[in-house]
1. May I ask you to list the residues in the range 85-127 that are outside any helix (DSSP H, G or I), out of contact with any Pro (no Cβ under 6 Å at 6 or more places or on another chain) and open to solvent by less than 20 Å² (accessible area, probe 1.4 Å)?
2. Out of the residues in the range 304-323 meeting the condition of being open to solvent by less than 60 Å² (accessible area, probe 1.4 Å) and part of a loop (DSSP other than H, G, I, E, B), tell me which one is farthest from residue 271 (Cα to Cα).
3. Which condition from (1) among the basic types (Lys, Arg); (2) closer than 21 Å to residue 211 by Cα; (3) touching a strand residue (DSSP E or B) at 6+ places or on another chain (Cβ under 9 Å) is the one that residue 63 breaks?
4. Taking interchain pairs and intrachain pairs at least six residues apart, which have beta carbon atoms under 6 angstrom, with the first residue in the range 234-256 and without any contact (Cβ under 8 Å) to a residue 24 or more places away in the chain and within 8 Å of the ligand (Cβ to nearest atom) and the second open to solvent by 10 Å² or more (accessible area, probe 1.4 Å) and outside any helix (DSSP H, G or I)?
5. Could you please let me know if residue 300 is of a type in the set (Lys, Arg) and either closer than 19 Å to residue 199 by Cα or open to solvent by less than 40 Å² (accessible area, probe 1.4 Å) (or both)?
6. Regarding residue 117, is this residue at negative phi and modelled with pLDDT of 95 or more?
7. Kindly list the number of the only condition in (1) over 29 Å from residue 103 (Cα atoms); (2) modelled with pLDDT of 60 or more that fails for residue 215.
8. Residue 276 versus (1) more than 30 Å from residue 192 (Cβ to Cβ); (2) under 20 Å from the mean Cα position of the chain (by Cα); (3) of a type in the set (Lys, Arg): which is the lone unmet condition?
Amino acid sequence: MQPGNPVMASTWSFSARGNAAAWVALASGGDPLDAVLEACRVAEEDPAVDSVGFGGLPDASGRVTLDGCVMRSPSRCGSACGLRRHLHPARVARLVMERTPHGMLAGEAADDFADAHGEPVRDLLAPAAREAWERWRASPRGTGDAAAQARDRSLRPVDTGDPAAGALFGAHLRGERRWHAHDTIGSLARGRDGQLAGACSTSGTPWKVPGRVGDSPIVGHGLYVDPEAGAATATGTGELIMGTCGSFLVVEEMRRGAAPAAAARAAVERIGRAFRIEPHHQVAFVALGLDGTVGAAALRTGFLAAIRDGRGERLEPPGFTLRDD
Ligand code: GLY
């Protein structure tokens, strides 16, 4: 472990608020896992963030399900998915890591586990998310025509660069074409002592088939942290990330000597080779090296990373984007 300057690197501009909330404790020598959980908590509680927690868009049946994971190292990680009664999946994932011999809990039993550990029960469906679902149900896309959705450019998450905005899904579009894409908070932190940690939290793809789980709660896909190599997190179309073990791939590139930006780029290029890219697809990786260097790469423009370090808070576009369409 190399001691040095603390840093936080999180996906999307809405994460700047969570980075700020976590920063003072991290900069004073706090645990990087506490920092990334704080970043997730802020996004999870914000009804304006339409891809995470309260405010997250529901599945095709109108129910919100939340997924998350945390990781310190290959032997210290935890995950919870398909939560329907608890707002903080990353926090439940930490309980799985710390209070069970297991790596992942799913569905109703994960909610029961959260109850047993004192997590408060919450209604997850925000009024605006319910209205968006009702509009979707009444629209031609509400018939569940997957092929039509795959061609729909408005499904792609786009960051307008306003940290106060929160909405990624068609925020640049008007009216009913909003609310048709998804994304995730992935947050990475390096403590003053050089320890790394990461967390992910998401409501998954809006209007997803009930039961669908994406990359975010799966170690190696939405998040990977190895104190011997670095940390990476992913956001975007989970199916593309899962097909390439995206975050694991980024960390393995760093293990072989790639800088974080080059490692993230390699994973994006792999996705570009492995999949036929549809108009709604977006994927971005944020990577954190052992020395605190941050790099990011994305499939397309419209992604920003929120970075906090001793120089302050800033939003950075990825160093590499595969496509400009
Ligand atoms: N990246 C989040 C998801 O696909 O569920």
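The values are calculated or read from the model by the stated rules, or taken from the named source; none is laboratory data. Note that the structure is a prediction, hence the values are computed from the model and not measured. Don't worry about glycine lacking a Cβ; one is built from the backbone with ideal geometry, like all the others, and counts go over all protein chains shown. Surface accessibility is based on the protein's heavy atoms, side chains included, excluding ligands, DNA and RNA. Shrake-Rupley method; radii C 1.70, N 1.55, O 1.52, S 1.80 Å.
1. Once the filter is applied, which keeps residues that are outside any helix (DSSP H, G or I), out of contact with any Pro (no Cβ under 6 Å at 6 or more places or on another chain) and open to solvent by less than 20 Å² (accessible area, probe 1.4 Å), the range 85-127 yields 86, 87, 88, 124.
2. Here the answer is 304.
3. Here residue 63 meets the rest and fails (3).
4. Note: no pairs meet the criteria.
5. In short, yes.
6. yes
7. All conditions pass for residue 215, except number (1).
8. Tallying (1) more than 30 Å from residue 192 (Cβ to Cβ); (2) under 20 Å from the mean Cα position of the chain (by Cα); (3) of a type in the set (Lys, Arg), residue 276 fails exactly one: (2).
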